[in-house]
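The values are calculated or read from the model by the stated rules, or taken from the named source; none is laboratory data. None of these values were measured; they are calculated from a predicted model. Don't worry about glycine lacking a Cβ; one is built from the backbone with ideal geometry, like all the others, and counts go over all protein chains shown. Surface accessibility is based on the protein's heavy atoms, side chains included, excluding ligands, DNA and RNA. Shrake-Rupley method; radii C 1.70, N 1.55, O 1.52, S 1.80 Å.
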Amino acid sequence: QVQLVESGGGLVQAGGSLRLSCAASGGTFSDYSMSWFRQAPEKEREFVGGISRSGGTSRYADSVKGRFTSSRDNAKNTVYLQMNSLKPEDTAVYYCAARVGALVRTSASDYDVWGQGTQVTVSS
């Protein structure tokens, strides 16, 4: 199965943007639908957004719709999360996750593989 490594997190002011990347290795990337989850301190891990294995379909949490966009480059084995108009409440550790299958699921338990996470901090 694939291994995942996230990058691109950091500190940004409210209203700013960041782009997260998740590089996959060791498997057939195009077999996997890919999603992003986040976990803030003392909160449960929550679905942020995801993209189908073909890249043709995306889903987003209501809290990020219109601000975040997920994309993938199957030739580079990489998925991205473009985050615009960031808010302090977006502060969390962001995780990339993969599941074998065509469609995006919003439950963390549906995902087989996880990255190590990258910290995103949005200051007010």
Expected single match for open to solvent by 30 Å² or more (accessible area, probe 1.4 Å) and in contact with an Asp or Glu (Cβ under 8 Å, 6 or more places away or on another chain) among 93, 100 is 100
Is it the case that some residue within region 65-82 is modelled with pLDDT of 95 or more, within 14 Å of residue 5 (Cα to Cα) and assigned to a loop (DSSP other than H, G, I, E, B)?
yes
I'm trying to understand the selection: among the residues of region 68-110, which are closer than 18 Å to residue 56 by Cα, of a type in the set (Gly, Ala, Ser) and without any contact (Cβ under 8 Å) to a residue 12 or more places away in the chain?
75
Failed item, numbered, when residue 86 is tested on (1) part of a strand (DSSP E or B); (2) open to solvent by less than 30 Å² (accessible area, probe 1.4 Å); (3) not acidic (Asp, Glu)
(1)
Only one of 104, 12 is in contact with a Ser or Thr (Cβ under 8 Å, 6 or more places away or on another chain) and part of a strand (DSSP E or B); which?
12
Among the residues listed as 120, 113, the single one being within 16 Å of residue 2 (Cβ to Cβ), buried (at least 16 other Cβ atoms within 10 Å of the Cβ) and in contact (Cβ under 8 Å) with a residue 60 or more places away in the chain
113
In region 50-64, what residues are free of Cβ contacts under 8 Å to residues at least 40 places away in the same chain and either touching a helix residue (DSSP H, G or I) at 6+ places or on another chain (Cβ under 6 Å) or in a strand (DSSP E or B) (or both)?
60
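Give region 48-59 a look and list any residue that's surrounded by fewer than 22 Cβ atoms within 10 Å (Cβ to Cβ) and within 13 Å of the chain's Cα centre (by Cα), or say none. So that I can check it myself, show each step before the final result.
Quick first cut of region 48-59, residues surrounded by fewer than 22 Cβ atoms within 10 Å (Cβ to Cβ) only: 52, 54-59.
Hits for region 48-59 are 52, 58, 59.
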